[in-house]
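Peer 1: Below you'll find the structure I mean.
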Amino acid sequence: TPVMRGRFGIVLGHCPESALAATAEKILKAAGQEAIETPKGAVHVTVSVGVVSFPGVVRTAHDVMNRAEDALAEAKGAGRNCFVAHTPTPSQRTNHALSMDVVKQVQAALRNDSLLLAYQPVVEARSRAVDHYECLMRMQAPDGSLIPAAHFIPVVEQMGLIKMIDRRALELAVEELDVNEGIHLAVNISGLTAGDRSWLQHLVALLRNRPEIAARLILEITETAALHEIEESAKLVARMRDLGCRVALDDFGAGHTSLRYIKFLNADSVKIDGYYVRNVSTSLDNQLFVRTLLGMARSFGLATVAECVETAEDADVLVRQGLDFLQGYYFGRPVTERPWRGAAEVALVAKG
Ligand code: C2E
Ligand code: CA
Ligand code: CA
């Protein structure tokens, strides 16, 4: 008898993990009950079901499909007409538990006001004068130590809390701009946040009747995330610029989509990803990459920033290549003390 195979995916919304077994049984029962009559005769159906519950230990769509496939293969191997639920590996369980710890820590930090900004200078390439500071989120741990963004932002993005972080970063930056007239600040926004209408409304509300503050605010959007919905993103960038802010495309060159991205998003500048900048003075490959990215940016009329400049040699090469702005440990590490405060006091003393 001929055998035909079909594969279906079913997504159950609002289905608690405890109800999965009963649901799978129902499907098995419905399919296996009796032969289906067709013009060519009766067809007997057997069903194998692979079950995975998400979000939980699995997070990305890719992950969900893979785990479901694994469970399905196991169900088939177990003789069909049965279901197998994916069981997380010990390492998945551990990762999940760690992520949940980070989420709890961040939620507590949001409540206790222990999220703060670190400021890193971005200098004009030739004069080396500070043009603006990038605001980088830091979390104060209960023991007083500062946790860098790299340690919690990726988890927070996956777990859906990033909008709250970005909101806080924006509020803190606008407060600083408000009380320090001379400074310009750049704030990072996750592409997930950028696509969110309520965030835009928040930005509009914060900057209403304050064009003087908007003019000193730069919004850094990450390429990969921003490209998700290019038309929406383009509208959003236009909206931010209408408000008077400048927009920088972050991590330029890190994704595979730089050309489309740069063409459709009408930004002011690009930040060449640190991956190509580090060791540029000794790596011919990196020199080639930087030159190419720079050429692309220029042909679209965008200013260029190199991040992660760590040595004098790298800085020299980048100046020679024609970068407009430089940023990195060589010019200053991110610090939570306001770096412009000291400078202002010195100026006051000098004035007498
Ligand atoms: P990014 O925007 O690409 O920021 C640059 C990262 O490189 C920062 O790490 C910075 O501290 C670090 N860095 C700066 N200069 C150098 C250097 O010379 N060498 C090296 N090796 N590293 C350097 P950080 O602060 O841990 O932030 C990591 C990422 O987290 C940022 O990457 C940004 O994408 C994200 N992030 C930070 N604050 C926020 C925020 O408020 N909202 C969102 N959505 N993302 C944020
Ligand atoms: Ca950035
Ligand atoms: Ca970057």
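The values are calculated or read from the model by the stated rules, or taken from the named source; none is laboratory data. Note that the coordinates shown come from a computational prediction; the quantities given were computed from them, not determined experimentally. Neighbour counts run over all protein chains shown; Cβ positions are idealised from the backbone, glycine included. To get the accessible areas, we keep the full protein, side chains included, count just its heavy atoms, and leave off ligands, DNA and RNA. Shrake-Rupley method; radii C 1.70, N 1.55, O 1.52, S 1.80 Å.
Peer 1: Quick check on packing: order 284-296, 322-334 by the mean number of other C-beta atoms within 10 Å, highest mean leading.
Peer 2: Values: 284-296: 15.8, 322-334: 18.9.
Ranked by mean Cβ neighbours within 10 Å, highest first: 322-334, 284-296.
Peer 1: Given the whole protein assembly as supplied and a 1.4 Å probe, what does the accessible area of residue 46 come to in Å², nearest 10?
Peer 2: 80
Peer 1: Residues of the stretch 13-60: accessible area per residue at 1.4 Å, in Å²?
Peer 2: Numbers: 3380 Å² over 48 residues.
On a per-residue basis, 71 Å².
Peer 1: Pop out the carbon and sulfur fraction of the accessible area of the chain as a percent, whole number, probe 1.4 Å.
Peer 2: 54
Peer 1: Relative contact order of the chain, please, whole-number percent, based on alpha carbon pairs below 8 angstrom and at least 6 residues apart. Each step should come with its number before you reach the end.
Peer 2: Details: 521 pairs, mean separation 42.4, N = 352.
Contact order relative to length: 12 percent.
Peer 1: Also, quick follow-up: Along the stretch 90-98, what does the Karplus equation 6.51 cos²θ - 1.76 cosθ + 1.60 (θ = phi - 60°) give for ³J(HN,Hα), rounded to whole Hz, x for Gly and Pro?
Peer 2: x, 6, 5, 4, 4, 4, 5, 4, 5
Peer 1: Let me ask something else about it. What do you reckon, how do 4, 137, 65 stack up by accessible area (1.4 Å probe), largest on top?
Peer 2: Listed by decreasing accessible area, they come as 4, 65, 137.
Peer 1: In what sequence, largest accessible area first, do 134, 74 appear using a 1.4 Å probe? Display every interim value, and only then the final one.
Peer 2: Details: 134 10, 74 115 Å².
Sorted by accessible area, descending: 74, 134.
Peer 1: Could you work out how far helix 339-351 tilts from the main Cα principal axis of the chain, as a 0 to 90 degree angle to the nearest 10?
Peer 2: 10
Peer 1: Which value, in Å² and to the nearest 10, is the accessible area of residue 199 when all protein chains are kept and the probe is 1.4 Å?
Peer 2: The accessible area of residue 199 comes to roughly 10 Å².
Peer 1: Also, I was wondering about something else. Which angle between 0 and 90 degrees, to the nearest 10, do you get for helix 284-299 versus the longest principal axis of the chain when only C-alpha atoms count?
Peer 2: 80
Peer 1: Please identify which residues in the stretch 64-84 have an amide N closer than 18 Å to a label point set 7 Å out from the Cα of residue 30, following the Cα→Cβ vector.
Peer 2: Answer for this model: 81-84.
Peer 1: Compute the helix-to-body angle for 197-207: its Cα long axis versus the longest principal axis of the chain, expressed 0 to 90° and rounded to tens.
Peer 2: Helix 197-207 sits roughly 20 degrees off the main axis of the chain.
Peer 1: Could you tell me the distance between the Cα centroids of the stretch 68-112 and the stretch 292-340, to the nearest Å?
Peer 2: If you average the Cα positions of each part, the centres end up 41 Å apart.
Peer 1: Next question, about the same structure. Which residue, 11, 187, 305, has the most motion in a Gaussian network model of the chain that connects Cα atoms within less than 10 Å?
Peer 2: 11
Peer 1: Work out from phi, with θ = phi - 60° and the Karplus expression 6.51 cos²θ - 1.76 cosθ + 1.60, the ³J(HN,Hα) of each residue of the stretch 19-30, listed in order in whole Hz, and give x for Gly and Pro.
Peer 2: 9, 5, 4, 4, 5, 4, 4, 4, 5, 4, 5, 4
Peer 1: Applying the Karplus parametrisation 6.51 cos²θ - 1.76 cosθ + 1.60 with θ = phi - 60° to the phi angles of the stretch 261-266, what ³J(HN,Hα) value in whole Hz is obtained for each residue in order, glycine and proline being reported as x?
Peer 2: 4, 5, 6, 8, 8, 7
Peer 1: Rank 26, 163, 263, 40 by accessible area, highest first, at a 1.4 Å probe radius?
Peer 2: Details: 26 150, 163 90, 263 125, 40 200 Å².
Descending order: 40, 26, 263, 163.
Peer 1: Compare the peptides 267-278, 139-150 by average per-residue count of other Cβ atoms within 10 angstrom and give them in order, highest first.
Peer 2: Ranking the peptides 267-278, 139-150 by packing returns 267-278, 139-150.
Peer 1: Which far-off residues, 5 or more places away or on another chain, put their amide H under 5 Å from the one on residue 132, with H placed in the peptide plane?
Peer 2: It is 122, by chain and number.
Peer 1: While we're looking at this one, here's another question. Expressed as a rounded percentage, what relative contact order does the stretch 243-290 have, with Cα pairs under 8 Å and six or more residues apart? Please report the intermediate quantities before stating the final value.
Peer 2: On the way: 43 pairs, mean separation 17.7, N = 48.
Relative contact order, the stretch 243-290: 37 percent.
Peer 1: Related question: With +1 assigned to the C-beta of every Lys and Arg and -1 to the C-beta of every Asp and Glu, and no other charges, what is the dipole magnitude of the chain about the Cα centre in debye, to the nearest 20?
Peer 2: On the way: 37 positive and 42 negative charges, 152 e Å.
Around 720 debye, computed over the chain.
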